[in-house]
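Below is one structure, written out as structure tokens; the observations come after it.
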Amino acid sequence: MRHILLVMTLFAVAVAINTGSVALQQRTQYLSRRFGTRAWHVHLGLVTAAWAAFLLTLIDHGVHVRWTLPHALRPAGLAVLAVSAALWLWAFAHLGVKRLANGNFFGRGPSAAVRGGPFRWLRNPMYDSYALAFVGMGLVTNDAAFFVLAAESYLLLNVIEARVENRPFPANGT
């Protein structure tokens, strides 16, 4: 149980750092005022470190809660992982690197909402792909604890972070 709590905590911290940095930039332009043209790089450094800590902990420790699932669900898990990867790639193709890394909040890249591709049907397909990936991992590894991470992912990314990222902000992005 200890492992899943650590992984969930690090996931929440990574989301909080990203959401907080974007919200701070949107509301006060603090990062741009403080770091000038390096503001986006500061944001990337903070966010990358937090997400790396989460991913490395997930890989190193896993979730390891004894909520086993039948092995017969593994093929379904592989299919869900494939759908997740395809959705992520499709969303990425429409977002681009700069928007994926929140550059649009730092004057890097367009600030207009993306409406093409999967964004026609899903409000946050990138975040949906993360939740699907956790579900797929749960099925592949026969560990239902990944479903808890999927729920946390949906709540923190789709409900909280997306609400901050989708707020209108000045046209120049700064």
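Here's the picture: charge each Lys and Arg Cβ at +1 and each Asp and Glu Cβ at -1 in the chain, and of PHE35, VAL47, ALA145 the one pushed furthest to the positive end of that dipole is PHE35. Heavy-atom accessible surface of the range 36-79, averaged per residue, reaches 67 Å², computed with a 1.4 Å probe.
Which percent of the accessible heavy-atom area of the chain goes to carbon and sulfur, probe 1.4 angstrom? Carbon and sulfur together cover 68 percent of it. Here the range 69-174 is assigned +1 on the Cβ of each Lys and Arg and -1 on the Cβ of each Asp and Glu. Its dipole about the Cα centre then comes out at about 440 debye. Remark: the range 31-48, residue by residue, has Karplus-estimated 3J(HN,Hα) of 4, 5, 5, 7, 10, x, 5, 8, 4, 5, 5, 5, 4, 4, x, 5, 5, 4 Hz, where x stands for each Gly or Pro and the curve is 6.51 cos²θ - 1.76 cosθ + 1.60 at θ = phi - 60°. When shorter helices are ignored and each DSSP H run of at least 4 residues is given -39500 (n - 2.57), the per-residue value for the chain at 222 nm works out to -21500 deg cm²/dmol. Entry comment: accessible area of the range 127-170 is 40 Å² per residue, from protein heavy atoms only and a probe of 1.4 Å.
Between the residues VAL13, LEU100, TYR154, the greatest Cα displacement towards the positive end of the dipole of the chain, with unit charges on the Cβ of Lys, Arg, Asp and Glu, is found for LEU100. Largest first, the extents of the alpha carbon coordinates of the chain on the three principal axes equal 53, 35, 21 Å. Taking amide H positions as modeled 1.01 Å from N, with prolines and chain starts lacking one, the residues under 5 Å from ASP143 and 5 or more places away or on another chain are LEU69.
The values are calculated or read from the model by the stated rules, or taken from the named source; none is laboratory data. It should be emphasised that the depicted structure is a prediction, and the values quoted were computed from it without experimental measurement. In this analysis, Cβ positions are derived from the backbone assuming ideal geometry, glycine residues included, and neighbour counts consider all displayed protein chains. Heads up: the accessible areas ignore ligands, DNA and RNA and are worked out on the full protein's heavy atoms, side chains in. Shrake-Rupley method; radii C 1.70, N 1.55, O 1.52, S 1.80 Å.
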